[in-house]
Amino acid sequence: SVLQRALLVNSNALVRNQSKKLVVQQYVSAVPIRCYATTAAAAKAESFLSGSNTLYVEEMYESWLQDPNSVHKSWDVYFRNVNAGAPPGQAYQSPPSFSSFTPPAVQGPDQAGQVSDVVDKHLSVQSLIRGYQVIRGHSVAQLDPLGILDADLDSTTPPELMLNSYDLGESEMENVYQLPQTTMIGGEEKALPLREIVKRLENSYCRSIGVEYMFINNYEQCNWIRQQFEPPGVTQLTDNEKRLAWERLLRSTKFEDFLAKKWTSEKRFGLEGCEMLIPGLKTIIDCASENGVNSFVLGMPHRGRLNVLANVIRKELDQLFCQFDSNLRKGDEGSGDVKYHLGMSHQRINHVTNKLINLSLCANPSHLEAVDPVVQGKTKAEQFYLDDGNGEKVMSILMHGDAAFSGQGVVYETFHLSDLPDYTTHGTIHVVVNNQIGFTTDPRHSRSSPYCTDVAMVVRAPIFHVNADDVEAVVHVCKVAAEWRMKFRKDVVIDLVCYRRNGHNEMDEPMFTQPLMYQKIRNHPNVFKIYTDKLKQEGLVKQSDIDNKLNEYEQICETSLESSKEISELNFRHWLDSPWKGFFQDVHGTVDLKMADTGVSEDVLQHIGKVFSQNADLTIHSGLRRVMKAREELVGNRVIDWALGEALAIGSLLKEGTHVRLSGQDVERGTFSHRHHVLHDQKMDKKVYVPLNDLYPKQASYTVCNSSLSEYGVLGFELGYSMTNPNSLVCWEAQFGDFNNTAQCIIDQFISSGQAKWIRMSGLVLLLPHGYEGMGPEHSSARPERFLQMQNDDPDHFPESITGDFVVRQLQDANWIIANCTTPANLFHILRRQIALPFRKPLIIFTPKSLLRHPLARSSFDEMLPGTEFQRIIPENGPAAQNPEKCRRIIFCTGKVYYEILKERSDRGLVEDVAITRIEQIAPFPFDLVQAEMNKYPNAGIHWLQEEHKNMGFYDYCKPRLRTACSWTRRIHYTGRKPESAAAAGSKAEHLKQQKSLYDDAF
């Protein structure tokens, strides 16, 4: 082994040469083997290593006594000389080559220095090899196709790669040195001259491929990567592989040429400068398909999307080309988005493996990297529904830009989901299209790390840097990446170092800010010409082949262009990345606007409630035993609190075969310790019980999982999960409601507008704790005003037709649903309504904190039985409602402030004078019910009351709609806090003062 033949062959010399201490420790820690020595020098070496590893001798010596062949030949010589009487420091002599030698005679004292020099040289060579592998071999690789930039932003040669750093020079170049087992540059050879060692190291690590992997703390994985890059000739392609790569490159290049020729003034974010992305992606898909994957979920930014759609997903070219027609009418549904934001799902035959595969490219906005977690969630869901627990059938591929990969925090958040049990997709292949520029920003000004890919080191993903102008190197790297993912089920990164032939888009002028780079680019041939010339020289393609293939593809494009002119209306259903059978029957299909009953029978409620109150055979916390007992008593009394209402909704859906997933920070227990869906044994680690997964023998699966401390990444993940299958209830809960603002990009770009832009329905539920309990501005408001501002209903338009299906039709027209429930029964119904609806809409629920245990926030089983439903408003039902003509004021409000006003009204003796009506579904606004309630109190002043500040909360949304409901005949008064910049007071005393003022104003 390495240590046996190099490190401790002369312990005395080792101890004397203190400069070798680091080298010794590096090898001792890197190679998990024992080494042995029998002399006093061994004790010195042990002391010298300061306890980093203990060196044992007796076992090796005893083994040698029994069989001299059981130890390395260098130790054989050493032990022979020791037995012959040589002093320990003079017992070893290095032969001309470690591969074969004759045991020498005993040395004299004057030869000790010579022995030490030989050992030092071997150690130096091994350190040099390690330098190429570990330190910076990749940093001098020829990665930039333009030859003007260094991929790691450092133009110096690391001293670890310089021979003089190891006291090696030209005089040692022909000397033969033993190769350690941690390198495979020798192939079958165990020793090589230094000149050949350096040559092979440079071929492996310093040509068109730079490999970063030695930060991986797994011996098998590191060795596997070496096996893919170090053996001589391992990166060579077969003639058939070269020809296939060339044909794919032809289509990639000529597609961009065709678009540029036909639409010279259109933005398309073309792929020029990185045309090898297409052959690279197709290589990944080929290799993964060969290993069993039949479904691929892709995400990417706008650059190159049209090319990927055309040549990887294989979207019909006429559907692509028609989008360049400015006269094209949009279809009946959706506002649509630009062509380089849209996605698609397509099933096709992979011609290399002859297998049917599904390719799905997710739609996404210009917000770079926002699609990353969405793709991961969609992939996880597909794996779940296909029972693909190891990622053998479904995998994700993410494409990135270099500046975004290093600059956007969601990349880090997404990486951190990669190995979490309920979020892992068992390995993603990341392809960074490294333009070496971000819009107009030089990479030296846009990142602090050497490489744009350094963020991937956080999960120890291997990183393969490759020159995008070296076709064969790119194909090899893509094959290795796919094989890595299939073997180890872990993330891997391909850094495709390229350039951007045009500006940020085809209309942009890059010479303003990068004159030198773009002077170089203008004179640089594209990769198709470079590779075509190479294959012509090798005799693999002829000019006639080239002409035929070019003419063939040109004709395909021209024919598709003519066909596209026949398309007069854009149907966005062609661009869906995950069609839902049953929701989209055909192009002109209609949805049956009927909603299933959300009520549940008594026996089902009783059964779920009782199981939810059990703890199986776990030893649970004493405080939790009281909680379970209280639940059991509530069920026995046919009463539920908030936690029971939620559990009954989830449990009943599971019984009906609906998969439910609840995710977020600390959701298993609940931030406010009310949920307790996962019970933990107090004496045994990892012993848990999930009662809701133990309801019925053939129930659906319930996944409840604490997430990483991420909102952006996790909410995006759950959104992707929800879009995969409509027959599931997917919920994300914020720890506090206002924490949703760090996921604002997902909310703005995907959730509120996804259906309008991309016809992408989602039934995702956001649970946002909201309410003013004096906890300060950070924990009070879920910012309802932001959600309501994005609601698409018209405040000045009263819906004309109030018929039996009015509720469902109003929900169908809305972009999402916003509710602020005050009763557990309403929570129960609205969650079940998500599945009962004949379509899917995102649901925003402002959930309570103090109401979780409020004695009045209770519901009876009677409110959840068949025939009952979600109440959009809960009208006044007290004395004021019995004699409405005498009522002088009607207060409309929403949320937990109702219970506070209710108590205050009673304390002030105004139960006959003031009516209080709760609006539970804020949006779409319940015009019909609010109008009826107003008409009921003809002599009452109308007030909107809220605990939020006037410039926040629900007032700005509700006031114009209240006016519309009364046909602008009555004034709407405001009762609440005055406008402020912070969401709430940070002082408890100030909070109470504001609350008292609120009550005074209300009455």
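For VAL690, the criteria (1) surrounded by fewer than 22 Cβ atoms within 10 Å (Cβ to Cβ); (2) of a type in the set (Val, Ile, Thr); (3) touching a residue at least 40 places away in the same chain (Cβ under 8 Å) hold in every case but one, which is (3). Looking at segment 135-148, is at least one residue part of a helix (DSSP H, G or I), at pLDDT below 85, farther than 22 Å from ASN434 by Cα and not β-branched (Val, Ile, Thr)? No, every residue in segment 135-148 fails to be part of a helix (DSSP H, G or I), at pLDDT below 85, farther than 22 Å from ASN434 by Cα and not β-branched (Val, Ile, Thr). The listed residues are LEU250, LEU244, and the only one of them that is at pLDDT 95 or above, touching a helix residue (DSSP H, G or I) at 6+ places or on another chain (Cβ under 6 Å) and under 30 Å from ASP545 (Cβ atoms) turns out to be LEU250. Within segment 647-686, if we keep just the residues that are at positive phi and not acidic (Asp, Glu), the residue that is surrounded by the fewest Cβ atoms within 10 Å (Cβ to Cβ) turns out to be LYS686.
Taking segment 437-453 as the range and being under 24 Å from PHE512 (Cα atoms), buried (at least 19 other Cβ atoms within 10 Å of the Cβ) and out of contact with any helix residue (DSSP H, G or I) (no Cβ under 6 Å at 6 or more places or on another chain) as the test, the residues that pass are ILE437, PRO443. The set of residues in segment 664-715 being part of a helix (DSSP H, G or I) and more than 17 Å from PRO421 (Cα to Cα) consists of PRO691, LEU692, ASN693, TYR712.
Check segment 458-476 and report whether any residue there is closer than 19 Å to GLU256 by Cβ, modelled with pLDDT under 95, crowded, with 17+ Cβ neighbours inside 10 Å and among the acidic types (Asp, Glu).
No: zero hits.
One residue stands out in segment 135-167 among those that are β-branched (Val, Ile, Thr) and surrounded by fewer than 17 Cβ atoms within 10 Å (Cβ to Cβ): the one that is nearest to CYS222 (Cα to Cα), namely ILE135.
With respect to ARG243, is the statement that it is in a helix (DSSP H, G or I) and either surrounded by 17 or more Cβ atoms within 10 Å (Cβ to Cβ) or among the β-branched types (Val, Ile, Thr) (or both) true? Working first, answer last.
Numbers: in a helix (DSSP H, G or I): yes; either surrounded by 17 or more Cβ atoms within 10 Å (Cβ to Cβ) or among the β-branched types (Val, Ile, Thr) (or both): no.
The answer is no for ARG243.
For segment 960-1003, the set of residues classified as in a helix (DSSP H, G or I) and under 21 Å from ASP907 (Cα atoms) consists of HIS991, LEU992, LYS993, GLN994, GLN995, LYS996, SER997, LEU998, TYR999, ASP1000, ASP1001, ALA1002, listed by residue number. Considering only segment 904-926, I want to know if a residue exists there that is of a type in the set (Phe, Trp, Tyr), within 47 Å of the chain's Cα centre (by Cα), under 24 Å from PHE798 (Cα atoms) and in a strand (DSSP E or B). So far as segment 904-926 goes, no, none of its residues is of a type in the set (Phe, Trp, Tyr), within 47 Å of the chain's Cα centre (by Cα), under 24 Å from PHE798 (Cα atoms) and in a strand (DSSP E or B). Residue pairs, Cβ under 7 Å, 6 or more apart or interchain, first in segment 633-649 and free of Cβ contacts under 8 Å to residues at least 12 places away in the same chain, second surrounded by fewer than 17 Cβ atoms within 10 Å (Cβ to Cβ) and not small (Gly, Ala, Ser). List them. Sorted first by the residue in segment 633-649, then by its partner, the list stays empty.
For segment 690-744, taking the residues that are small (Gly, Ala, Ser) and out of contact with any helix residue (DSSP H, G or I) (no Cβ under 6 Å at 6 or more places or on another chain), the one that is farthest from SER780 (Cα to Cα) is identified as SER701.
Identify, from the list ASP805, ASP796, the residue that is at pLDDT 90 or above, touching a Lys or Arg at 6+ places or on another chain (Cβ under 9 Å) and surrounded by fewer than 22 Cβ atoms within 10 Å (Cβ to Cβ).
Checking each option against the conditions leaves just ASP796.
Report yes if ASP419 is surrounded by fewer than 18 Cβ atoms within 10 Å (Cβ to Cβ) and within 15 Å of the chain's Cα centre (by Cα), otherwise no. Judged against the criteria, ASP419 is a match. Would you confirm whether any residue within segment 306-323 is in contact with a Lys or Arg (Cβ under 8 Å, 6 or more places away or on another chain), in a loop (DSSP other than H, G, I, E, B) and farther than 23 Å from LEU244 by Cα? No: segment 306-323 contains no residue that is in contact with a Lys or Arg (Cβ under 8 Å, 6 or more places away or on another chain), in a loop (DSSP other than H, G, I, E, B) and farther than 23 Å from LEU244 by Cα. For segment 207-225, taking the residues that are of a type outside the set (Gly, Ala, Ser) and surrounded by 20 or more Cβ atoms within 10 Å (Cβ to Cβ), the one that is farthest from SER139 (Cα to Cα) is identified as ILE225. Checked against the criterion of being over 35 Å from the mean Cα position of the chain (by Cα) and either over 15 Å from ASP862 (Cα atoms) or not assigned by TED's automatic domain parsing to the domain that holds PRO697 (or both), segment 635-646 has no qualifying residue.
The residues of segment 803-822 that are outside any helix (DSSP H, G or I) and touching a residue at least 60 places away in the same chain (Cβ under 8 Å), listed by number, are ASP805, ALA814, ASN815, TRP816, ILE817, ILE818, ALA819, ASN820, CYS821, THR822.
Consider segment 888-903 and keep the residues that are in a strand (DSSP E or B) and among the aliphatic types (A, V, I, L, M). The one that is nearest to ALA819 (Cα to Cα) is ILE891. So is PHE464 within 25 Å of GLY427 (Cβ to Cβ) and not hydroxyl-bearing (Ser, Thr, Tyr) or not? So PHE464 passes the test. Of the residues GLY599, GLY609, the single one that is over 29 Å from GLN744 (Cα atoms) and either outside the structural domain of LEU827 (by TED's automatic domain parsing) or in a loop (DSSP other than H, G, I, E, B) (or both) is GLY599. Checking GLY292, GLY270, GLY299 one by one, the residue that is touching a helix residue (DSSP H, G or I) at 6+ places or on another chain (Cβ under 9 Å) and under 20 Å from TYR553 (Cα atoms) is GLY270 and no other.
Within segment 381-402, the set of residues being of a type in the set (A, V, I, L, M, F, W, C) and surrounded by 21 or more Cβ atoms within 10 Å (Cβ to Cβ) comprises ALA381, VAL394, MET395, ILE397, LEU398, MET399. Figure legend. Inter-residue proximity from segment 336-349: first residues within 12 Å of LYS315 (Cα to Cα), second residues at pLDDT 75 or above and assigned to a loop (DSSP other than H, G, I, E, B), beta-carbon distance below 7 Å, spacing 6+ or different chains. Indicated pairs: LEU342/ALA363; GLY343/CYS362; GLY343/ALA363; MET344/LYS315; HIS346/ARG314; HIS346/LYS315; ARG348/ARG314. Does LYS950 satisfy being surrounded by 17 or more Cβ atoms within 10 Å (Cβ to Cβ) and either at positive phi or among the charged types (D, E, K, R) (or both)? Answer is no for this residue.
Take the conditions acidic (Asp, Glu), surrounded by 19 or more Cβ atoms within 10 Å (Cβ to Cβ) and under 16 Å from GLY210 (Cβ atoms) and apply them to ASP491. Does it pass?
no
The values are calculated or read from the model by the stated rules, or taken from the named source; none is laboratory data. Predicted model only: the values in this text are computed from it and were never measured. Neighbour counts are summed over all protein chains in view; Cβ atoms, including those assigned to glycine, are modelled from backbone coordinates with ideal geometry.
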